[in-house]
1. From the mean inverse distance of alpha carbon pairs (Kirkwood) and the Cα radius of gyration, derive Rg over Rh for segment B:1-116.
2. Given a Förster distance of 56 Å, report the FRET efficiency between residue B:384 and residue B:429 from their Cβ-Cβ distance, rounded to the nearest 0.05.
3. Out of the DSSP beta bridges found with both residues in the protein assembly as shown, what percent are antiparallel (nearest 5)?
4. What's the average, rounded to a whole number, of partner chain beta-carbon atoms within 10 Å of each residue's beta-carbon in A:45-55?
5. Sort all Cα-Cα distances of segment A:152-228 into consecutive 10 angstrom bins from zero, then give the percent of pairs in each bin up to the one containing the longest distance.
6. With +1 on each Lys and Arg Cβ and -1 on each Asp and Glu Cβ, how big is the dipole of the protein assembly as shown about its Cα centre, in debye rounded to the nearest 20?
7. Residue by residue through B:3-13, how many Cβ atoms from other chains fall within 10 Å of the Cβ on average?
8. Show me A:161-167, B:19-25, A:81-87 ranked by packing, highest mean number of other Cβ atoms within 10 Å first.
Amino acid sequence: MLALDIADLVMCFPGLDAPVLAIDRLHLPAGARLAVTGASGSGKSTLVNAITGLETATRGSVSWGGTDITRLSAGRRDAFRAAHIGLVMQDFHLFPGLSAFENVVLPVRLSRRLKPAERERALQLLETVGIARPHQSVETLSRGEMQRVAVARALLSKPGVIVADEPTASLDRRTGDEVAELIVRLAREGGATLVVVTHDPALTERLDRRIGLDGGRIVEDSGEARAA
Amino acid sequence: MIRFILADLRRFKGGALAVVVLIALSVALSVTVTLQERAVRLGSARAAEKFDLLVGAAGSETQLALSAVFLQPSPLPLMSGAVLAKLSQDPRVDFAAPVGFGDSAYGHPVVGTTTTLVSALSPRLAEGALFARLGDAVIGADVPSPLGAEIKPMHGGIDQGGHVHTEIVYRVSGRMAVTGTAWDRAILVPIRAVWQLHGMEGDADHDHTDHDHADHDHAGEAPDGAAAGDHDHGHEAHIDADAALDEHFDADTPGIPAVLVKPKTVADAYRLRQEYRGETTLAVFPAEVLTRLYATLGDARSLLLAIAIGTQVIVVAAILLVTIMHVGARQRQIGALRAFGASRGSIVAIVWGELFLLFLAGFALGLLLGYAAARFISASLAATTAVRMPVEFAREDASLAVWFVALAVLVSIVPALSALRLSPARALRA
C-alpha cells in the first residue's frame, strides 16, 4: 500500500509546444481509490505513463511511498514497477502461444525462477478471477476472460499499487461490470492503492475519488471539493 | 524463458524458417568446399601411397604420376625394357614391377604387370588366385565380372573407337581386395600378354629376335592416337593363353611406359630417383607430384571459400536487416513485457536468444547439408574414378565453427540492444 505524491509534474512531447500534462500537486493517500476521467487527448494516458514510470517525466517528481521514480534510471524504474505496480491495460497485452497460467507468471519467470508459493498464488488468483482452466491457451479465451487473466497477472506480485488504463473499454457492458467489480474488490482485499483511468460511469461510481483532466490539467477533483 | 522464445518463434515460423534456410545454405556452401577439398586431397594421397617411386621414359612428371596412380589414359612414351631388367636386379630395390597401359575392356583399363604388383596392391586377394597363365586376369574390387568370366581386351577405349584384340581372351582368375584407389577399376593381366598382343615379343616363349620392333610399338600409347593409325601390328597369330608366366626380365625386355619401384629404404628411394633422372628416363615420387597439384587445388579452395564467406556476410547482413525490422514490428510486445515487469536483461536475452537460436539451427542444418553434399560429390567421384575420397571433419574446422558462433553472438546482440531504445510507453504505442 503506497501513497502517491505528484509535484510540479510536466510532460512534454517533442514537436509540441504546450505540455501534454501539467500537474502542480496531487496527493493520494495509501489505499485510496482514484478514478481519472476526461475526453480523449486530455492527458489521461500520459498521466498513467508518468505515474507508472513507463514514460520519463520532463520535469517534476512522482513519488510512491517516498520513492521518486523520476529520479530512477530506466532499469531501476522497470524494476520498481515490477515490484510495486500492477498494470491492467485496455488491450490486455497477453502473449499468444502461452497458457493463461503461463501469462500470469511470465513477468516473474522472465526475471527469475518462479517460487512454489508464487505458483500457488497464480493458480489461486486465476481461480478467484474465474478462469476454470488455467492451462488453456490464452488466445482461445473470450475477451472478458482475457482481461481477467490480465488482472490476475497484475496482482501476482502483491503490488502496493494497481493502475488500470481503461480496463473495461474494450468489453461489453455486462463483462465490463464484472471486471470492474473484480478489480475494485481485489484491490481492496490486497490493500492496494488503486488508480483507474475510465470513461465508464459505473466503474467511476465504485471509486472514492474522481479527478477530471482537460488539456493536461486537473479541472475537477471530487476529493478537493469534499475537502473544501 | 525458453518456452516463451519457442512460443514466439512458433508465431513467426515462416520468417524463422526462411532465416534458418538462408543461413543453412550459406554455411553448407563453405562446409562443402572445405570438406570436398580435403576429401580430394586425402583420397588422392592415399591412392598414391603404394606408389613409392615411378620410373618412366623422359617426359612429363605429372603425366607419369597421374597415369600410374589414377590410370588416366594418356600418351606416355615408352622406355627401354632394359631399365626394368636393371631395376629388378638392383640390390636397393625391394621389387620393380612393369606397368603397361593402353587397352581396356568394358570401360575398365587393362593393365599389364606382374604378380608382384598385384600382391603389393592387395596382399590378400578377396577371392580366387593370382595369374598363373598368360591368359589369366586379376580384377579390381569394382570390376563387376565374376571369377572365370571372359574378358576381351580392346585397343584403346570404347569411346575412342578402338578395335577388339581377337588374339586373346583373358579369364578372370582372382579379385583384389578393395584398395580405395583407381586400381579398383583395373583389370590386371600378365605384362607379357600385353607385349604379345601388340607384337612386341616374338612368341610365347619370348625368344625375342626382333628387338628394334619394340621401340616403335605402342603398349603405352594414347588410345586415341594409336587406335586411329597403326593397326599393322603383324600379330594375327593366336596367343597361347595357357603358356606359363615368365616374370624374369633381361636386357631384351620390350619397351614399357612405366616401372613401379619399391625401394628398400628412404635413402635408397632418393638415390634411385637421382640415378634415373637422365636423358632417357624420368623418376618421380608420385606423392611429391601430387603435393604440387594440391597447391593449385588449395588456391582454388581459397577462392571458393572466399566466395562462400562473402555470401555468408551478405546473408548475415540480410538477416540483421530482417531482425531490425522484426524488432521494430514487435516493439509493442517488448514494451508490454517491460510494462508488466520483465527485466531489461530478460528482454535482451529473449531477442538475442531467439536470433541466436535461429543462427545455431541454420548452422547445424548447414553442417548437415554441407556434409551430405560433400558425401554425395565424393560418392559420385568414387563411382567414376574408384578413388575413395574420405569426407571428414578435421581439428582446424573447430576454429572456423567457433568464429561463426562468436560472430553470430555479436550480430544477434545488436537488435537485442536496439529493442531497449524506446521507453515502454512509446514502444506500447508503436
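1. 1.38
2. 0.30
3. If I count the DSSP bridges inside the protein assembly as shown, around 65 percent turn out antiparallel.
4. Taking all residues of A:45-55 together, the mean is 3.
5. Spelled out per bin, shortest first, that is 17, 47, 31, 5.
6. The dipole of the protein assembly as shown has a size of about 6160 debye.
7. 3
8. Packing proxy ranking, top to bottom: A:161-167, A:81-87, B:19-25.
Read the figures in this text as sums done on the coordinates, not as results from a lab. Everything numeric in this text was worked out from a predicted model, so none of it was measured. Every residue, glycine among them, receives a Cβ derived from its backbone with ideal geometry; neighbour counts consider all protein chains shown.
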